[in-house]
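To keep things clear, I will list the structure first and then write my remarks on it.
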Amino acid sequence: MLNVEVQGSKIVLTEITDQWGEECHTFIGRPAMLHWANERFAKDKFEGTEEEWQAIMDAFKEV
């Protein structure tokens, strides 16, 4: 699960998993967050459909 909060010029993203617990990432601006998202959800390593990957990327772009 991902939770994204915009706090002024910062974006705080909290990633929660059963395996690793909670991990928090702070980005100074949207381009940094999108760069992280493209690395975290690399298209060639994504274990879902093309539509699922695109939906994730579109959700990040809406932040």
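Between the helical axis of 30-40 and the longest alpha-carbon principal axis of the chain there is an angle of about 30 degrees.
Compute the FRET efficiency between Asp44 and Ile16 as 1/(1 + (r/R0)^6), taking r as their Cβ-Cβ distance and R0 = 22 Å, and round to the nearest 0.05. Calculated value: 0.30. When only the Cβ of Lys, Arg, Asp and Glu is charged (+1, +1, -1, -1), the dipole of the chain relative to its Cα centre reaches about 380 debye. Axis angle, to the nearest 10 degrees, between helix 50-62 and the longest C-alpha principal axis of the chain: 10 degrees. The slack in the chain from Gln54 to Gln7, taken as 0.36 nm per residue of separation less the alpha-carbon distance, amounts to 14.4 nm.
FYI, it's all coordinate maths here, none of it is from the lab. The shown structure was predicted, so the numbers you read here are calculated from the model rather than taken from an experiment. Here the Cβ is made from the backbone with ideal geometry for all residues, glycine too, and neighbour counts use every protein chain on show.
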